[in-house]
Structure formats: C-alpha cells, structure tokens
1. Within the range 52-86, track down each residue that is under 17 Å from residue 18 (Cα atoms), modelled with pLDDT under 90 and surrounded by fewer than 12 Cβ atoms within 10 Å (Cβ to Cβ).
2. Residues in the range 33-40: is at least one more than 19 Å from residue 77 (Cα to Cα) and within 14 Å of the chain's Cα centre (by Cα)?
3. Could you please find all residues in the range 1-13 being exposed (fewer than 12 other Cβ atoms within 10 Å of the Cβ) and either aliphatic (A, V, I, L, M) or more than 14 Å from residue 83 (Cα to Cα) (or both)?
4. Return the residues of the range 10-25 that are among the aliphatic types (A, V, I, L, M) and either closer than 12 Å to residue 58 by Cβ or part of a strand (DSSP E or B) (or both); say none if nothing qualifies.
5. Is it the case that the range 26-35 has a residue that's part of a loop (DSSP other than H, G, I, E, B), surrounded by 10 or more Cβ atoms within 10 Å (Cβ to Cβ) and of a type outside the set (Lys, Arg)?
6. Scan the range 13-40 residue by residue and report those that are among the aromatic types (Phe, Trp, Tyr) and closer than 19 Å to residue 66 by Cβ.
7. For the range 14-32, what are the residues that are at pLDDT below 80 and either within 13 Å of residue 86 (Cβ to Cβ) or not hydroxyl-bearing (Ser, Thr, Tyr) (or both)?
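The values are calculated or read from the model by the stated rules, or taken from the named source; none is laboratory data. Please read these numbers as outputs of a predicted model, since none were measured by experiment. Counting neighbours? That spans all protein chains shown, and the Cβs are built from the backbone with ideal geometry, glycine included.
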Amino acid sequence: MNSTGTISIPVDRPYIRLKFALSSYLEPHKNRYAYRLEGIDEDWHYLGAHTELNVSRLPPGKYRLLVKGADFRNNWTVEPLAIDIHARDFFYKQPWFYLLVPACPSWLFT
C-alpha cells in the first residue's frame with residue numbers, strides 16, 4: 001500500500017477536502033476513482049470521474065482512507081493510496097484530563 005503521512009483533523013474544523021489524480025495522461029477524462037474509509041465503510045464508494053472527495057463530521061478516532069483509480073482501459077491501481085486520518089476530540093474528553101482533574105485544587109472549580 002502506498003502510504004502518506006497522517007492528517008490530523010482539529011475539533012473546530014471536522015472536515016477535509018482531498019483532490020487526487022492518476023498519472024495516466026491518455027484520455028484523463030475517462031479515469032475513474034473509488035474510496036473506502038476503514039473503520040466506517042465496508043465497501044468501496046465509486047466516484048466516477050470526480051477527482052475530489054469531501055469528508056466531514058467524522059467521529060473522533062483514527063481512520064485510514066484508501067483511494068484507488070482506474071484508467072480509460074479499466075486498469076485499476078494495484079495498491080490503493082492510504083492516508084491515515086486522526087479526528088481529534090475535545091480536550092476534556094481525553095483520558096489524561098480525567099487523571100489531571102482530581103489532582104487540581106478544588107478552588108479552581110469555584
């Protein structure tokens with residue numbers, strides 16, 4: 001699998017917009033694409049010739065987005081492109097926060 005780095009999605013902007021393309025320059029308007037979000041999707045979602053994907057409102061967690069493409073001869077990529085995504089959660093929902101709160105003096109909360 002071709003892998004890129006990790007995309008971290010902040011809590012205040014829970015969306016990403018990706019554009020992609022194949023390196024096949026013969027009849028590029030006939031290229032087709034598909035994606036699958038591991039952890040959410042069981043099956044591939046086929047986008048047709050659309051070269052853009054918008055992902056929004058991901059629940060907090062870690063995911064892997066897989067993107068594959070086919071050229072005008074219907075030759076699909078052997079290995080999909082893998083993009084790791086980390087959708088962050090609010091700080092007060094993190095385990096470290098609950099460990100820290102009992103150690104804080106009570107006057108902080110009054």
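1. Correct list: 56, 57.
2. Applying the first criterion (more than 19 Å from residue 77 (Cα to Cα)) to the range 33-40 yields 39-40.
Of the ones still in play, those that are also within 14 Å of the chain's Cα centre (by Cα) are 39-40.
The answer is yes; a qualifying residue exists.
3. Answer for the range 1-13, where residues must be exposed (fewer than 12 other Cβ atoms within 10 Å of the Cβ) and either aliphatic (A, V, I, L, M) or more than 14 Å from residue 83 (Cα to Cα) (or both): 1, 10, 12, 13.
4. Passing the criteria: 11, 16, 18.
5. Our first condition is that a residue be part of a loop (DSSP other than H, G, I, E, B); within the range 26-35, this holds for 26-27, 31.
Going one step further and asking which of them are surrounded by 10 or more Cβ atoms within 10 Å (Cβ to Cβ), we end up with 27, 31.
With the extra rule that they be of a type outside the set (Lys, Arg), the set shrinks to 27, 31.
Looking for residues that are part of a loop (DSSP other than H, G, I, E, B), surrounded by 10 or more Cβ atoms within 10 Å (Cβ to Cβ) and of a type outside the set (Lys, Arg), one finds at least one in the range 26-35, hence yes.
6. 15, 20, 33, 35
7. Scanning the range 14-32 gives a single hit, 14.
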